[in-house]
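One structure below.
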Amino acid sequence: MAPDLARRFSKLQQWAEMVEPLGLTLPVLPRWAEEAARRASDHDRWADVLKGVERLAQNQILSALEEWQRDVKTRLTRLEAYAVDSRLERDQMEDAVHFAKAGDISRALTAYQQVDRVISLKERHLDTAREELESVISLLRDLAALGLTVPSDPDELSQELERELRSGRLASLKQQLRALRTNALEEVQRELPGFVSRYGDFLQDERLHGTPVETEIAELGRGARLFAQGSGEEALHRLRRLVQLHGSTTFRPSRPPAARGAASGSYGNVS
């Protein structure tokens, strides 16, 4: 094959691979036409055919990049709402579309891949922090629902952590969340066995007075087994549902008074 034809076929193949994340399928010559081009003596005619295929591919890529640009602006607006700096990505996004309009498709797609990779990474960090925040608040609400120790009102703490998240201080936020989770699970280890014992005694008393509580007793047993197996967080959530949905309305979860001399503020300073 003439060097010019080989280069054009290679370029089309490279573009086809680079646009896969955009969901594009570029126009290509059928296999028989490619074989005919390889054997042809009239290289200029086949070069014109390939130029036409390239123009079609360029138009498709430009349209896809312009649509991607609109989507990226929305994604960047969300990141910026959480104080994540995205000025460089905005400039590179504009460069990608500019290169495509100028016909420099390989450079446009390289810029696109770079921008999309960085934005996806920033979104992943933000989403992970969001998931961890919601998980920790859910854990603290489970503790509060069972009358176990919590550092402060979960709703107020949620608002405080949300402000930290929206300020863009993800590193310090993750440290706070780790400290909260660690200390909360320590409280679960200390206090959940006592709760299970008190609730079990209550259910036994209910049964002695003729109240059918077999379902509640079985569910309490499942929660206790989960705790014994090391799944304290799952056990806590299951027991909270038991109290809220299946438990007797006369049972009020409460934590026994702390022993004299016991240290207070077991969650420490996580602000």
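Details
- Meets criteria (within 21 Å of the chain's Cα centre (by Cα), over 20 Å from Phe195 (Cβ atoms) and either in the same structural domain as Arg75 (by TED's automatic domain parsing) or surrounded by fewer than 17 Cβ atoms within 10 Å (Cβ to Cβ) (or both)) for Glu164: no
- Filtered residues of segment 82-100 (kept if touching a Lys or Arg at 6+ places or on another chain (Cβ under 7 Å) and either loosely packed, with under 13 Cβ neighbours inside 10 Å or among the aromatic types (Phe, Trp, Tyr) (or both)): Tyr82, Ala83, Phe99
- Residue check for Val72: assigned to a helix (DSSP H, G or I), aliphatic (A, V, I, L, M), more than 18 Å from Ser167 (Cβ to Cβ) and touching a residue at least 24 places away in the same chain (Cβ under 8 Å): yes
- Exclusive hit being outside any helix (DSSP H, G or I) and either surrounded by 13 or more Cβ atoms within 10 Å (Cβ to Cβ) or outside the structural domain of Ala81 (by TED's automatic domain parsing) (or both), set Leu148, Leu177: Leu148
- Qualifying residues in segment 101-145 (those that are of a type in the set (Asp, Glu) and closer than 19 Å to Val72 by Cα) - the one surrounded by the most Cβ atoms within 10 Å (Cβ to Cβ): Asp116
The values are calculated or read from the model by the stated rules, or taken from the named source; none is laboratory data. Treat the numbers as computed from the prediction; the structure is a model and nothing was measured. Backbone-built Cβ (ideal geometry, glycine too); neighbour counts: all protein chains shown.
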